[in-house]
Amino acid sequence: MTVSISARPYEFVLDPKKVAFVIIDMQRDFLEPGGFGAALGNDVSQLRAAIGPIGGVLTACRMAGVFVIHTREGHRPDLSDLNGAKHRRGRFATRIGDAGPMGRILVRGAEGHDIIAELAPAVDEPVIDKPGKGAFYATDLEAILRGRGITQLILAGVTTEVCVHTTLREANDRGFECLVLEDGTASYFPEFHRVALDMACAQDGIFGWVAPSAAVISALSKGAE
Ligand code: C5J
């Protein structure tokens, strides 16, 4: 049974059996002091507004049996998957791979690389470790989605204009129908967040749809009835 979600630019018809909820990079490195986001000079508290809405949709997805996937941005401890261009960018004092209060910055296995406790993955929810901004680049995400017959994605996480948008564009070109959670995404720059959401659904949905978490939760609860 499909359910209709009130969204921009027009309603999104969701099929709970063919949709995946993809939660992007809700990691301590981006959301907590001392991580990658803070090392770049950002006010990390800006991102916390997305936690509640994501948590609400996560609970609704789990109750409705919707497939959930988490991603983490980070690199191998030997940094062999970190290209020089990414390593050099930013010119900040503490760089990827350097020691920080939560372990090495953006390195797999460090405390900062963990997903925040509030949104901890369940045992049956795959966690995709990605070296890039997009979740499809150099990962097995597409194989996992295709293997389960997934054709629609609900995208949430941080940051709206970087990893969420890159993943949205990658997914769009691969033929997935994407809905971005308006209040379940966040940026260190509120203006970028607003404009990134507008861009996602501009021109009658050039990359997809945008909707608030409440609309998704309400639709999922109907789908589960
Ligand atoms: C960034 C991300 N902003 N997850 N990563 O570097 O958006």
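Couple of notes before you dig in:
- In the stretch 119-142, the residues that are surrounded by 15 or more Cβ atoms within 10 Å (Cβ to Cβ) and either of a type in the set (Ser, Thr, Tyr) or within 16 Å of the ligand (Cβ to nearest atom) (or both): Leu119, Ile128, Asp129, Lys130, Pro131, Gly132, Lys133, Gly134, Ala135, Phe136, Thr139, Leu141
- Exactly one residue among Arg62, Arg28, Arg88 is out of contact with any Cys (no Cβ under 9 Å at 6 or more places or on another chain), open to solvent by 30 Å² or more (accessible area, probe 1.4 Å) and free of Cβ contacts under 8 Å to residues at least 60 places away in the same chain, and that residue is Arg88.
- Out of Leu179, Leu168, Leu145, Leu153, sole residue that is over 22 Å from Gly37 (Cα atoms), part of a helix (DSSP H, G or I) and either open to solvent by less than 10 Å² (accessible area, probe 1.4 Å) or within 12 Å of the ligand (Cβ to nearest atom) (or both): Leu145
- Sole exception among (1) assigned to a helix (DSSP H, G or I); (2) loosely packed, with under 14 Cβ neighbours inside 10 Å; (3) not acidic (Asp, Glu) for Pro77, by number: (1)
- Test: residue in the stretch 100-118 that is assigned to a helix (DSSP H, G or I), more than 14 Å from the ligand (Cβ to nearest atom), open to solvent by less than 50 Å² (accessible area, probe 1.4 Å) and over 29 Å from Asp183 (Cα atoms): no
- Conditions (1) away from the ligand (no atom under 16 Å from the Cβ); (2) of a type outside the set (Asp, Glu); (3) under 19 Å from Gly55 (Cα atoms): number failed by Gln203: (3)
- Residue in the stretch 110-130 that is within 23 Å of Ala200 (Cα to Cα) and out of contact with any helix residue (DSSP H, G or I) (no Cβ under 7 Å at 6 or more places or on another chain) present: yes
- Looking only at residues of the stretch 1-60 that are assigned to a loop (DSSP other than H, G, I, E, B) and small (Gly, Ala, Ser), we find that the one that is farthest from the ligand (Cβ to nearest atom) is Ser6.
The values are calculated or read from the model by the stated rules, or taken from the named source; none is laboratory data. Treat the numbers as computed from the prediction; the structure is a model and nothing was measured. Here the Cβ is made from the backbone with ideal geometry for all residues, glycine too, and neighbour counts use every protein chain on show. Side chains included, ligands, DNA and RNA excluded: accessible areas come from the protein's heavy atoms. Shrake-Rupley method; radii C 1.70, N 1.55, O 1.52, S 1.80 Å.
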